[in-house]
Amino acid sequence: KLEGAGYAAPQGDERTHWLRSSFEMPLKSPGPVPVLVEIHWSLGQDKRYRVPLDDVLARTVPLTVAGREIRRLETHDAAAHLLLHHVQHYFDRRLKWTLEFVALTREPDFSWPRLAERLREWGGRQAAAMALVHLRKVVPDAIPDEAVWALPAARWRRLALLPLRSEHPLDLVRGTRRRRTQLYLAAVLLERPWKLPGYLLHMRTRDRTATASAVERDS
(Lines give C-alpha, C1' and ligand atoms only; values in the text may rest on other atoms or scores of the structure.)
Protein backbone atom coordinates (compact mmCIF):
# COMPACT_ATOMS: atom_id res chain seq x y z
CA LYS A 1 0.00 0.00 0.00
CA LEU A 2 2.82 2.41 0.80
CA GLU A 3 4.49 1.76 -2.54
CA GLY A 4 1.15 2.34 -4.24
CA ALA A 5 0.95 5.68 -2.45
CA GLY A 6 4.29 6.72 -3.93
CA TYR A 7 6.73 5.55 -1.26
CA ALA A 8 9.97 4.19 -2.73
CA ALA A 9 11.16 0.88 -1.28
CA PRO A 10 14.52 -0.82 -1.96
CA GLN A 11 14.62 -2.97 -5.07
CA GLY A 12 16.69 -5.87 -6.38
CA ASP A 13 19.54 -7.14 -4.23
CA GLU A 14 19.03 -4.42 -1.64
CA ARG A 15 15.43 -5.50 -1.14
CA THR A 16 16.56 -9.12 -0.81
CA HIS A 17 19.03 -8.05 1.86
CA TRP A 18 16.37 -6.31 3.95
CA LEU A 19 13.91 -9.20 3.65
CA ARG A 20 16.37 -11.97 4.45
CA SER A 21 18.88 -10.33 6.77
CA SER A 22 16.82 -7.92 8.80
CA PHE A 23 13.47 -7.27 10.45
CA GLU A 24 12.70 -3.89 8.90
CA MET A 25 12.70 -2.05 5.58
CA PRO A 26 13.26 1.66 4.89
CA LEU A 27 11.00 3.52 2.44
CA LYS A 28 11.30 7.08 1.15
CA SER A 29 8.20 9.23 1.05
CA PRO A 30 7.18 11.04 -2.17
CA GLY A 31 7.70 14.76 -2.52
CA PRO A 32 10.56 17.23 -2.98
CA VAL A 33 12.02 16.43 0.47
CA PRO A 34 11.84 12.65 1.02
CA VAL A 35 11.31 11.41 4.57
CA LEU A 36 12.68 8.00 5.51
CA VAL A 37 10.06 5.68 7.01
CA GLU A 38 11.03 2.30 8.48
CA ILE A 39 8.51 -0.54 8.49
CA HIS A 40 9.26 -3.12 11.21
CA TRP A 41 7.75 -6.60 11.18
CA SER A 42 9.49 -7.66 14.39
CA LEU A 43 10.71 -5.97 17.60
CA GLY A 44 13.67 -8.32 17.88
CA GLN A 45 15.82 -10.66 15.87
CA ASP A 46 14.79 -14.30 15.42
CA LYS A 47 16.69 -16.84 17.54
CA ARG A 48 18.02 -14.03 19.76
CA TYR A 49 15.11 -12.44 21.62
CA ARG A 50 11.69 -13.73 22.67
CA VAL A 51 9.33 -10.80 22.28
CA PRO A 52 5.73 -11.93 23.07
CA LEU A 53 3.91 -9.89 20.44
CA ASP A 54 0.44 -10.62 21.81
CA ASP A 55 1.43 -9.21 25.19
CA VAL A 56 3.05 -6.18 23.57
CA LEU A 57 -0.09 -5.46 21.52
CA ALA A 58 -2.30 -5.87 24.59
CA ARG A 59 -0.26 -3.21 26.41
CA THR A 60 -0.42 -0.59 23.65
CA VAL A 61 -1.99 2.72 24.61
CA PRO A 62 -4.21 5.07 22.55
CA LEU A 63 -2.73 8.10 20.86
CA THR A 64 -4.29 10.82 18.70
CA VAL A 65 -2.24 12.01 15.70
CA ALA A 66 -3.64 14.58 13.28
CA GLY A 67 -7.14 13.83 14.48
CA ARG A 68 -6.79 10.07 14.05
CA GLU A 69 -6.89 7.52 16.84
CA ILE A 70 -3.93 5.12 16.72
CA ARG A 71 -2.05 3.09 19.31
CA ARG A 72 1.55 3.35 20.45
CA LEU A 73 3.84 1.00 22.33
CA GLU A 74 3.63 1.06 26.11
CA THR A 75 6.49 3.12 27.55
CA HIS A 76 8.66 0.22 28.76
CA ASP A 77 8.07 -1.82 25.61
CA ALA A 78 9.15 1.15 23.52
CA ALA A 79 12.24 1.80 25.66
CA ALA A 80 13.25 -1.87 25.60
CA HIS A 81 12.87 -1.99 21.83
CA LEU A 82 15.00 1.13 21.34
CA LEU A 83 17.87 -0.33 23.38
CA LEU A 84 17.79 -3.66 21.53
CA HIS A 85 17.42 -1.87 18.20
CA HIS A 86 20.64 0.01 18.94
CA VAL A 87 22.49 -3.26 19.61
CA GLN A 88 21.02 -4.81 16.46
CA HIS A 89 22.64 -1.92 14.57
CA TYR A 90 25.95 -2.73 16.27
CA PHE A 91 26.18 0.51 18.29
CA ASP A 92 25.89 2.72 15.24
CA ARG A 93 26.94 6.31 15.97
CA ARG A 94 23.70 7.60 14.41
CA LEU A 95 22.03 8.05 17.78
CA LYS A 96 18.88 9.69 16.45
CA TRP A 97 16.74 7.45 18.67
CA THR A 98 18.52 8.63 21.84
CA LEU A 99 16.30 11.69 22.33
CA GLU A 100 13.20 9.49 22.15
CA PHE A 101 14.66 7.01 24.63
CA VAL A 102 15.62 9.74 27.10
CA ALA A 103 12.15 11.28 26.77
CA LEU A 104 10.57 7.90 27.59
CA THR A 105 12.70 7.52 30.73
CA ARG A 106 11.42 10.89 31.96
CA GLU A 107 7.74 9.99 31.72
CA PRO A 108 5.98 9.92 35.12
CA ASP A 109 5.23 6.18 35.00
CA PHE A 110 8.71 5.09 33.89
CA SER A 111 10.61 2.63 36.08
CA TRP A 112 14.16 1.37 35.48
CA PRO A 113 13.47 -1.89 37.39
CA ARG A 114 10.35 -2.45 35.28
CA LEU A 115 12.37 -1.89 32.11
CA ALA A 116 14.96 -4.40 33.34
CA GLU A 117 12.22 -6.95 34.03
CA ARG A 118 10.73 -6.44 30.57
CA LEU A 119 14.14 -7.01 28.98
CA ARG A 120 14.64 -10.11 31.11
CA GLU A 121 11.35 -11.48 29.75
CA TRP A 122 12.54 -10.77 26.21
CA GLY A 123 16.00 -12.27 26.76
CA GLY A 124 17.85 -9.01 26.12
CA ARG A 125 19.06 -7.67 29.48
CA GLN A 126 22.78 -7.93 28.73
CA ALA A 127 22.47 -6.51 25.24
CA ALA A 128 20.48 -3.56 26.60
CA ALA A 129 22.96 -3.08 29.44
CA MET A 130 25.77 -2.62 26.91
CA ALA A 131 23.63 -0.15 24.97
CA LEU A 132 23.39 1.86 28.20
CA VAL A 133 27.18 1.72 28.51
CA HIS A 134 27.34 3.40 25.10
CA LEU A 135 24.72 5.99 26.04
CA ARG A 136 26.56 6.85 29.24
CA LYS A 137 29.61 7.60 27.15
CA VAL A 138 27.71 9.83 24.72
CA VAL A 139 25.12 11.49 27.00
CA PRO A 140 26.29 10.72 30.56
CA ASP A 141 23.93 13.16 32.27
CA ALA A 142 20.89 11.47 30.71
CA ILE A 143 21.55 7.99 32.15
CA PRO A 144 21.36 7.96 35.97
CA ASP A 145 23.10 5.54 38.31
CA GLU A 146 19.73 3.88 38.89
CA ALA A 147 19.80 2.71 35.27
CA VAL A 148 23.13 0.96 35.75
CA TRP A 149 21.96 -0.62 39.01
CA ALA A 150 18.88 -1.99 37.25
CA LEU A 151 20.75 -3.08 34.10
CA PRO A 152 24.38 -3.87 34.99
CA ALA A 153 26.58 -5.19 32.19
CA ALA A 154 28.35 -8.42 33.16
CA ARG A 155 32.04 -7.85 33.82
CA TRP A 156 33.17 -10.66 31.51
CA ARG A 157 31.17 -9.20 28.63
CA ARG A 158 32.72 -5.77 29.14
CA LEU A 159 36.16 -7.36 29.20
CA ALA A 160 35.38 -9.32 26.03
CA LEU A 161 34.63 -6.05 24.21
CA LEU A 162 37.66 -4.24 25.61
CA PRO A 163 39.94 -5.00 22.59
CA LEU A 164 37.37 -3.33 20.32
CA ARG A 165 36.65 -0.28 22.46
CA SER A 166 36.96 3.02 20.62
CA GLU A 167 38.41 6.34 21.77
CA HIS A 168 36.02 8.25 19.50
CA PRO A 169 33.47 10.19 21.59
CA LEU A 170 30.52 8.79 19.59
CA ASP A 171 31.65 5.17 19.26
CA LEU A 172 31.58 2.33 21.76
CA VAL A 173 33.58 -0.11 19.63
CA ARG A 174 35.59 -0.06 16.39
CA GLY A 175 35.05 -1.89 13.11
CA THR A 176 31.30 -2.36 13.34
CA ARG A 177 30.95 -2.38 9.55
CA ARG A 178 32.97 -5.60 9.33
CA ARG A 179 30.88 -8.78 9.41
CA ARG A 180 33.33 -10.59 11.68
CA THR A 181 33.08 -7.81 14.22
CA GLN A 182 29.28 -7.89 14.02
CA LEU A 183 29.21 -11.64 14.66
CA TYR A 184 31.62 -11.22 17.57
CA LEU A 185 29.42 -8.54 19.13
CA ALA A 186 26.33 -10.69 18.67
CA ALA A 187 28.08 -13.64 20.33
CA VAL A 188 29.35 -11.66 23.33
CA LEU A 189 25.93 -10.10 23.97
CA LEU A 190 23.84 -13.25 23.56
CA GLU A 191 21.79 -13.59 26.75
CA ARG A 192 22.33 -17.34 27.05
CA PRO A 193 25.91 -18.20 26.03
CA TRP A 194 25.19 -21.92 25.84
CA LYS A 195 22.96 -21.24 22.85
CA LEU A 196 25.84 -19.65 20.94
CA PRO A 197 26.57 -22.56 18.51
CA GLY A 198 22.97 -22.69 17.30
CA TYR A 199 22.75 -18.92 17.03
CA LEU A 200 25.95 -18.59 14.99
CA LEU A 201 24.76 -21.38 12.70
CA HIS A 202 21.50 -19.48 12.20
CA MET A 203 23.40 -16.27 11.41
CA ARG A 204 25.75 -18.01 8.97
CA THR A 205 22.87 -19.75 7.19
CA ARG A 206 20.98 -16.48 6.93
CA ASP A 207 24.00 -14.70 5.47
CA ARG A 208 24.59 -17.46 2.93
CA THR A 209 20.94 -17.45 1.88
CA ALA A 210 20.99 -13.69 1.32
CA THR A 211 24.24 -13.95 -0.67
CA ALA A 212 22.91 -16.83 -2.77
CA SER A 213 19.78 -14.86 -3.62
CA ALA A 214 21.90 -11.93 -4.79
CA VAL A 215 24.04 -14.22 -6.98
CA GLU A 216 20.92 -15.74 -8.54
CA ARG A 217 19.64 -12.30 -9.49
CA ASP A 218 22.98 -11.32 -11.00
CA SER A 219 23.10 -14.50 -13.08
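The values are calculated or read from the model by the stated rules, or taken from the named source; none is laboratory data. Note that the structure is predicted; figures quoted are calculated from it, not measured. Ideal geometry is used to build each Cβ from the backbone, glycine not excepted, and the neighbour counts take in all protein chains shown. Protein only, heavy atoms only, side chains kept; ligands, DNA and RNA dropped before computing areas. Shrake-Rupley method; radii C 1.70, N 1.55, O 1.52, S 1.80 Å.
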Here the qualifying pairs (Cβ atoms under 7 Å; residues six or more apart or on different chains; first in the stretch 59-70 and over 16 Å from ASP109 (Cα atoms) and at pLDDT below 95; second of a type in the set (A, V, I, L, M) and open to solvent by 70 Å² or more (accessible area, probe 1.4 Å)) come out as LEU63/ILE70
By residue number, the members of the stretch 87-102 that are in contact with a Leu (Cβ under 8 Å, 6 or more places away or on another chain) and touching a residue at least 40 places away in the same chain (Cβ under 8 Å) are VAL87, TYR90, PHE91, ARG93, LEU95, THR98
Check your understanding: Would a scan of the stretch 199-217 turn up a residue that is buried (at least 16 other Cβ atoms within 10 Å of the Cβ) and at pLDDT 80 or above?
Key -> no
Of the residues in the stretch 1-23 that are at pLDDT below 80 and either exposed (fewer than 14 other Cβ atoms within 10 Å of the Cβ) or not in a loop (DSSP other than H, G, I, E, B) (or both), the one that is farthest from the chain's Cα centre (by Cα) is LYS1
Here the residues within the stretch 55-102 that are farther than 30 Å from GLY175 by Cα, open to solvent by 20 Å² or more (accessible area, probe 1.4 Å) and assigned to a helix (DSSP H, G or I) are ASP55, LEU57, ALA58, ARG59
Those residues of the stretch 103-132 which are in contact (Cβ under 8 Å) with a residue 60 or more places away in the chain, part of a helix (DSSP H, G or I) and crowded, with 18+ Cβ neighbours inside 10 Å amount to TRP122, ARG125, GLN126, ALA127
Test VAL37 against the stated conditions and say whether it is within 25 Å of ALA150 (Cα to Cα) and surrounded by 11 or more Cβ atoms within 10 Å (Cβ to Cβ).
no
When the stretch 133-173 is checked residue by residue, the ones that are over 25 Å from SER111 (Cα atoms), more than 18 Å from the chain's Cα centre (by Cα) and assigned to a loop (DSSP other than H, G, I, E, B) are SER166, GLU167, HIS168, PRO169
Exactly one of LYS28, LYS47 is at positive phi and open to solvent by 70 Å² or more (accessible area, probe 1.4 Å), and that one is LYS47
